[in-house]
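Here the structure comes first, spelled out in structure tokens, and everything after it is commentary.
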Amino acid sequence: MRVELPAEPAYFVDRHEERDRVLQAVSEWTGRSRPLLVTLSGPRGMGKTELARLLARVLRDRFTDGVLSVDLDDFRLGGGMDPGDVLAQLLESLGVEPSFVAASFRTRCTQYWTRTADARLILIVDNAHYASEIVPLLPASGASLVIVTSHSPLRDLEDGAALGLALPPLEEWAATELLELIVRDPRLAADPDSVRALVRLCEGMPAALHVAGGWVRARRLRPLSRLIPQLRDEWEERGVAGVERFWDTVYNGLPSAAAQLYRLLPYHPGATFTPESATALLGHGPEACEEALEELDRAGLLDLSALLGAGDGRIRLPGPLRAHALRRSRKDAQEDEADDGLDRLLRWLVRQFQRADRFAAGSRLIVADEFGAVVRAPDVPLEDPAGALEPEIRAARSDRAASWLYEERHVLFASVRLAHERGMDPAVVALSEPVWTYALDHPHQSDVVGVLRLAVASAVRHGTRPAWLVRTRCQLARHLWEAGLTDEAARELDAATAALGLLGHGTQDRKLAASVAEFRGMYEGARGAWATAAAQFARSLEMHQAIPNPYGAMLQTYRLGEARARLGELEAALELLTEAHEDAVAQQRERMARRTGFALAGVLCRLGRTVEGRQLYEQSLEAARRRRSGSDQARVLDAMAELAQAEGRSGEAVDHRTAAHEIRRRNGLVG
């Protein structure tokens, strides 16, 4: 059971009426085809999210399939939000592997409904703006509960579809209790008049009380009778309404480096950041950045709990604070402060993504410039597999780099968009390579096609690097035909071929020409024209052999072997795939060794050499299990089931099919 809930808050008061109404609604709910929907509305800082999480903790034992949580503000780009991206995160939270997530929005909806049809789960949706954002996220089960928070009531929901609760400010007694829990200082009991003044100044907003309590706690030597009037005068002078008055006051008390980091964080690409990326953004070195992060955490402007315990090391600046930090940046930032920070961060990010790409996929044809180290911004601690002698250590380092690339995928895509907006064309083209590596393992076509279009646009805008044009157009073409856009893919391949005429005759130029032939072969194979595909692969193979390029030759031998198998030329396919598999093993290309081994096993079985084929299938299955790749496991299990059935072992075939079906069921692909 997955439970996406942070640690319980240290202090929470009141809201008894709202809790009782929700608990009663859950007890009385008789829905069969739709979940109970509870909406909590109110201004920022009113405690909606904490109440939603509290309700989930109280009710979690009734909902045995877990608690999922999603913040829609994390998915808003330029004011808009793609519900397909939210569905992708929810599917992954439900155990669906990224490679199984459907490409289109419609099929993702179907997959989500299939996966939640019999579920008993709680879904928390934070920061909804419209009812239309909620509807696609509703589980397809009347036994589930959905709790939605919004700044204003979602009045366009269907009548009777939800229990709507508007959270009022805390009453004075509750606000006083919360302040006393936060501050825990004898000054409060000694000066009740100042306490009442501070409580009224906070207007019953829990977030304001938390910030004000921290402000008071940090000034332990001053009497409240003097401290509170000073605070009130400062707020009144600034004239900022609501909780922002507290944030402004806390911000103004920050050391210069912490204030600068706070102003820079809203520009960070993606919804989260890490201590390493914050160091690059600030530009003062690791120690200064650590101190700045601690100051922001101490001031209540940041929560560093993700760096501790079971956290994933990624920190999020919540939406309201992000907006406040952006306003402070526009008002207080020094000239070019944000531009300098972003340029420095993007150069650092490109370098990190390039390193992760190289460590995960190995050396290959790369046309982008290699970005160097950034001063006072250390690299992410990823280790080069090439530096290890033992195969197990090499594989572990490669897997760690691939995992980091996956974990930072949202930052990767956002960096491409930001770099393109800023005219940093070399950075965009450089980032397209790790996007390519990520997409091979985790195909999200709608996302990948968009960023690869930007890579092509940057290559065209730059205009002086024909190699960029060839590479980016080929990359885009593959994802276009996989998305069913074959005509557009053909146009990109034609443009890539035309750009070859601008190249010279160096080694990289010749590799690019061979690569275009390979992509044309893959395109023809996707259309089912395997004879034409085989001719293109044979041409590419000859070009790689002439360079010479052993890796390229091995790859084209594999592709040609697959094409011969598709054409029914099994003896030729066997010879080619055996050679490719042996070369992949000798070159220590683990990914290609797996691919060639699986293809070779299929041909061996078709030729009646089932003992050898079964051994390769078992090796492929074991490798897929080690990598926890459900898609590869299901594919191998299907092949093993077909082999067992052909040999009359129907019980074994049923076991393999059942195992493959269970993997797909867990990923929402079958009912």
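Between S650, Q633, L616, the Cα set farthest toward the positive side of the dipole of the range 549-671 (charges on each charged residue's Cβ, about the Cα centre) is that of Q633. Extension gain, S152-L567: 0.36 nm per intervening residue step, less the Cα-Cα distance, totals 143.2 nm.
Using Cα atoms only, what is the angle between the long axis of helix 486-500 and the major principal axis of the chain, expressed in degrees (0 to 90) to the nearest 10? Value to nearest ten degrees: 70. Peptide packing: for 112-118, 327-333, the average count of neighbouring Cβ atoms within 10 Å per residue gives the ranking 112-118, 327-333, highest mean first.
Note on the chain: Cα convex hull, mean projected area over all directions, 33.2 nm².
Compute the separation of the alpha-carbon centres of the range 508-549 and the range 321-349 and state it in Å as a whole number. So the two Cα centres are separated by 46 Å. Here the chain is treated with +1 on each Lys and Arg Cβ and -1 on each Asp and Glu Cβ, and its dipole about the Cα centre works out to around 620 debye. Largest first and in whole Å, the equivalent-ellipsoid semi-axes of the range 100-236 read 46, 15, 14, each the square root of five times a Cα gyration tensor eigenvalue.
Relative contact order of the range 549-671: 15 percent, from C-alpha pairs under 8 Å at least 6 residues apart in sequence. Cα centroid distance between the range 185-219 and the range 9-31, in Å? Value for the Cα centre distance between the two parts: 27 Å.
Ordering of 272-279, 656-663 by packing is 272-279, 656-663, highest average first (other Cβ atoms within 10 Å, averaged per residue).
Relative contact order, whole percent, for the chain stands at 10, derived from Cα pairs under 8 Å and 6 or more residues apart.
With the simple model of a label 7 Å out from the Cα in the direction of the Cβ, D339 to R461 spans 1.5 nm.
Only the coordinates and a few stated rules stand behind these numbers; no lab work does. Because the structure is predicted, anything quoted here is derived from the model rather than measured. Methodologically, a virtual Cβ is constructed for each residue, glycine included, from the backbone with ideal geometry; neighbour enumeration extends over all protein chains shown.
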